[in-house]
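This report refers to the structure that appears directly beneath it.
The values are calculated or read from the model by the stated rules, or taken from the named source; none is laboratory data. It should be emphasised that the depicted structure is a prediction, and the values quoted were computed from it without experimental measurement. Cβ placement follows ideal geometry from the backbone for every residue including glycine, while neighbour counts extend to all protein chains displayed. Calculation scope for accessible area: heavy atoms of the full protein, side chains included, ligands and nucleic acids excluded. Shrake-Rupley method; radii C 1.70, N 1.55, O 1.52, S 1.80 Å.
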Amino acid sequence: MSTLFISDLHLEESRRDITDAFLGFLEAKAMHANALYILGDFFEAWIGDDERTPLQEEVAGALRKVTDAGVTLYLMHGNRDFLIGEDYCNRIGGTLLDDPTVVDLYGTPTLLMHGDSLCTADVEYQKFRANMRNKQWQAMFLKRPLEDRQLVARQLRQMSMAKNQGKQEFIMDVTPDEVVRVMEEYGVKRLIHGHTHRPAIHDHTVAGEPAERFVLGDWDSHVWWIEADENQPPELKKEAFR
Ligand SMILES: O=C(CCCCNC(=O)Nc1ccc(S(=O)(=O)N2CCN(c3cc(Cl)cc(C(F)(F)F)c3)CC2)cc1)NO
């Protein structure tokens, strides 16, 4: 049996093609796997489990079918959907993972992260992240009426659109020193993350030994995933949308 990793789908109403690719991936791949890990930025935006949009409901129904079929599902927050809560996880039959988390992947300790915390050169973003991940800030935000939160979210997204002249927000790459520091801190020789939208497999030297960093791709034009099983090392795979 296999273990699958995906991230950075950035699901949103305006991208029906990505949602369809995800539903196809669940049917063709996830349904027959042992476990599926979604490592953040699954949704493009999330302002509370109480919003219950048609998209969120449709995706929850599809994931529930997979977990009811016996596939174990894990979810990690990304910088977009860090407000996904226990309620939504219960609806999909998934478990929220801390960032980072070490898992035993067929005998190899493997560090899982979204990856945004590795972009230490983006000082402005790290300040933004510290506020967004602050539990008091989150509690205050979630206490506000839904319409209020929807307005703030629209304004925040318009701000970043204006700042980037309507282009995609620039995502800085990880800082290699931070990658090595975190892998040494957790005593691992393998890391899987997303966030940077720069899919690749990188070699590093961690505690004087060779280590590997697998970066997942975003789903703007292709399905990207990592597949691991007991007989082979993890493989980074991609497929064009059907
Ligand atoms: O994206 C990249 C590139 C890096 C770019 C990083 N930029 C990025 O992440 N932007 C962003 C992320 C989420 C959303 S949001 O619409 O989902 N939503 C907005 C309101 N949120 C909020 C929460 C709290 Cl606690 C407190 C407040 C407060 F206080 F401001 F009102 C608001 C909750 C989340 C909107 C924009 N790589 O992936």
Order by protection proxy (mean Cβ within 10 Å, highest first), peptides 43-49, 120-126: 43-49, 120-126
Angstrom value of the Kirkwood radius, inverse mean 1/r, which spans all Cα pairs in segment 23-142: 15.5 Å
Nitroxide proxy distance, nm - points 7 Å out along Cα→Cβ at L156 and M1: 3.7 nm
Cβ-based charge dipole, the chain, positive-most Cα from I192, Y74, T120: T120
Leading residue at positive end of dipole, segment 149-242 (Cβ point charges), from Q232, Q150, V206: Q150
Per-residue [θ]222 nm for the chain (sum of -39500 (n - 2.57) over DSSP H runs n ≥ 4, rounded to 500): -10500 deg cm²/dmol
Protection proxy ranking, peptides 6-13, 106-113, average beta carbon neighbours within 10 Å, highest first: 6-13, 106-113
Segment 17-165: antiparallel DSSP beta bridges as a percent of all, rounded to 5: 40 percent
Surface accessible to a 1.4 Å probe, per residue, for the residues of the chain, Å²: 49 Å²
Solvent-accessible surface (1.4 angstrom probe) belonging to S14, in square angstrom, nearest 10: 90 Å²
Ranked packing of 139-147, 93-101, most packed first, by mean Cβ within 10 Å: 93-101, 139-147
Radius of gyration and Dmax over the Cα atoms of the chain, both given in Å: 17.6, 53
Carbon + sulfur, % of accessible area of segment 3-240 - ligands and nucleic acids excluded, 1.4 Å: 52 percent
For T95, distant residues with modelled amide H under 5 Å away: L73, Y74, L75
Spacing of the two label points (7 Å from each Cα toward its C-beta) at S221 and E235, in nm: 2.3 nm
Segment 3-240 - percent relative contact order, Cα under 8 Å, separation 6 or more: 21 percent
